[in-house]
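Beneath this line is the structure, given in structure tokens, with notes to follow.
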Amino acid sequence: MVLDNLGSSLKSAIQKLANAGKIDKEIIDDVVKDIQRALIQADVNVKLVMKLSNRIKERALTEAPPAGMDSREHVLRIVYTELVNIIGKATPIALEPQTIMMVGLQGSGKTTTTAKLARFFSRKGLKPAVICADTYRPGAYDQLSQLCEKLGVMFYGERDNKDAVAIVRNGLKETQKYDVRIVDTAGRHALETELIKEMKDIWGLTNFTHRFLVLDAAIGQQASEQAKAFNDAVGITGVVITKLDGTAKGGGALSAVSDTNTSIAFIGVGETPDDLERFDPDGFISRLLGMGDLKALVEKA
Amino acid sequence: AITRGEVILSEKDLEGPLWELEMALLESDVALPVAESIIDRIRKDLSGQHKKFLRSTGDIAEDALRDAILTILSAHTLDFDDYVKGHDKPVIVVFTGVNGTGKTTTIAKLAERLKESNVGVVIAAGDTFRAGAIEQLQKHADRLGVKMIKHDQGSDPAAVIYDAVAYAKSNKKDVVLADTAGRLHTNVNLMEQLKKISRIIRPDLVIFVDEAIAGNDAVERAKLFNDAVPISGSILTKADADSKGGAAISIAHITGKPILFLGVGQEYKDLRKFDPDWFVERLLER
Ligand SMILES: Nc1nc2c(ncn2[C@@H]2O[C@H](COP(=O)(O)OP(=O)(O)OP(=O)(O)O)[C@@H](O)[C@H]2O)c(=O)[nH]1
Ligand SMILES: Nc1nc2c(ncn2[C@@H]2O[C@H](COP(=O)(O)OP(=O)(O)OP(=O)(O)O)[C@@H](O)[C@H]2O)c(=O)[nH]1
Ligand SMILES: [Mg+2]
Ligand SMILES: [Mg+2]
């Protein structure tokens, strides 16, 4: 992972705090401003950033630092706990039979992540099967079937059928004896009402254990609105952040989980089927803020 | 300091309106450093200026913002259609960008656009890496009735594009549209590969494709792609997804190159020539 230059602005703010001795309002204002900058540059929703920073400021000014904690550590601890409040823990993934539906915007990484998840579960000793419900994008069938073939994973698709709902209905029947069934859907966004309806119809076919929203780490301020639309349609159970092997910070995912009351399940860190990691909240917070281990600080208190 | 119905603007008068405009830019996905540099510029330009008594400071600041953005977006111009018309044939166009932004789809849209004005097109399947990439482009080519040159998956992308250019020369085609695999700007090997493609092919135009829904990272990747293989202009896709598309400003600002088209949907017709005035109106509408 590339850790970055936005951190530097925050680091200098933290430095100011370190030198300040006691907490005064002016310095806290300064530091909170720098935290705002870091979060906005990480693509966290601007309104959420303002809400968060107001809370941080208020707490920093009113709460007494725990014994043995200097003022700098105190503010950092508040920032950390506020972010943890939103992010929570990684979405729990049970290692047992289940059905999963992949949804998200165009090009976010659903198909690639579908293959990665199949690999993840088969490594855990569960037998995966993958169903291609993208009847829209040219070559979608080939992309997923090739990925599955390479992995030796059961693939179900109907090349010439345009009816995604029918394909999934058939596919779920055909793959009954597999442990983990993953349905890859076509990319869509909130304003494409026909496609949103199609997604709902697929969702209605069975009681999907998980509905994963796949989000590009680079998505900007639209993350909230889009996540809400997907959540309204199919009830998101977790987010996957892809392309975290670049320089994007993934702040959109923070907005998304904040607005849908969900959590992050996995992160994608490359194009190959092995480039999938379970989500680690602490690593993610460090990346958002561009600085090291804040958790240790909290545990010190 | 009121003289004859005018006041002099101070930094303090400007503070509120400029703060609001900066927030609007950030909420429109203009990257933070870019938004700050635009606002700083306006602050410098406006403070100390006289203003007519009856105009609000907010309106003045907004007009200044409009001008500043238009300046960025109109710094250089390149009319794709005119370029193709006026240039020696075949015109070789290579598309670059990070993963999943819409390069392949945009090539199909441009092929359709060129075909409609009777320009002969060849497509090069230069993404020899991603699963299904060749099949995806092939399907577009078949639908459009356009020739596509391909090699096997895993082969050298430069060689495919080279062959497409040779085909265009011997078959009197006017334009080669060359796809490349998506790659992250941090992947040193893949960025080197892109440079190699450019060295061998010597494209006339290099078009950087990014998406209108991208946030702050747009700056980083536009910069690194432009450093690796200088781009001629950019195309922003997925502008139909309800975003304000401030990434266009970030990218134009950091590369100094024009935005050529917007992708506004998944159909071939969903490609719109970029119009700075239209874009700024949309950005600033409330
Ligand atoms: N570097 C990197 N690339 C990724 C990652 N995940 C996906 N990609 C790439 O992103 C591009 C888009 O991925 P897809 O899986 O096709 O995306 P999708 O959401 O299925 O796209 P649509 O079906 O068109 O909506 C491809 O080039 C993938 O190889 C990741 O974690 N890191
Ligand atoms: N809504 C919308 N979707 C688009 C637009 N342009 C492309 N897409 C979709 O975005 C997805 C990715 O497009 P591709 O053309 O495969 O992107 P790419 O850059 O070639 O991807 P890689 O080759 O994997 O790096 C597809 O589902 C396209 O249909 C657009 O302007 N609007
Ligand atoms: Mg897909
Ligand atoms: Mg492509």
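Read-outs: derived from the displayed coordinates by stated rules, not from any lab. Worth saying up front: this structure is predicted, and the values here are computed from it rather than measured. For neighbour counting, all protein chains shown are included, and Cβ atoms are generated from backbone atoms with ideal geometry for every residue, glycine included.
Okay, here's what the table says:
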quantity: HN-Hα J in Hz across the range B:27-33 - Karplus 6.51, -1.76, 1.60, θ = phi - 60°, x for Gly and Pro; calculated: 6, 8, 6, 6, 4, 3, x
quantity: B:M23 paired with A:T209, simple spin-label distance in nm, labels 7 Å along Cα-to-beta-carbon; calculated: 4.5 nm
quantity: Which of B:R130, B:R143, B:R43 has the fewest Cβ neighbours within 10 Å, and the rest in rising order; calculated: B:R143, B:R43, B:R130
quantity: For the range B:265-286 versus the range B:74-135, the gap between their alpha-carbon centres in whole angstrom; calculated: 19 Å
quantity: Longest site-free stretch - chain A; sites: trypsin sites (Lys or Arg not before Pro), DSSP loop, at most 16 other Cβ within 10 Å; calculated: A:178-301
quantity: Long-range Cα-Cα pairs in the range B:219-281 (distance over 12 Å), rounded percent; calculated: 68 percent
quantity: Fully extended contour minus Cα-Cα distance, from B:E192 to B:D163, at 0.36 nm per residue; calculated: 8.4 nm
quantity: Cut-off 15 Å (backbone N to label point 7 Å along Cα→Cβ of B:D63), residues of the range B:9-41; calculated: B:9
quantity: Cβ-defined net charge surrounding A:S224, 13 Å radius [Lys, Arg +1; Asp, Glu -1]; calculated: -4
quantity: Residue order, fewest to most surrounding Cβ atoms within 10 angstrom, among A:D142, B:D174; calculated: B:D174, A:D142
quantity: Long-range HN-HN contacts of A:D179 with modeled amide H, under 5 Å; calculated: A:K127
quantity: Residue order, fewest to most beta carbons within 10 Å, for B:V121, B:V91, A:V269; calculated: A:V269, B:V91, B:V121
quantity: Sites B:S74 and B:E267, calculated FRET efficiency, Cβ-Cβ separation with R0 30 Å, nearest 0.05; calculated: 0.55
quantity: Mean separation of Cα contacts under 8 Å (6+ apart) over length of chain A, as relative contact order %; calculated: 25 percent
quantity: DSSP-defined antiparallel bridges as percent of all bridges, the range B:129-286, nearest 5; calculated: 25 percent
quantity: Within the range B:244-275, trypsin sites (Lys or Arg not before Pro) in DSSP loop having at most 14 other beta-carbon neighbours inside 10 Å; calculated: B:K269
quantity: Between the range A:104-122 and the range A:152-228, the alpha-carbon center distance in angstrom; calculated: 11 Å
quantity: Pairwise label distance in nanometres, B:R41 with A:Q176, each label 7 Å out on the Cα-Cβ vector; calculated: 6.5 nm
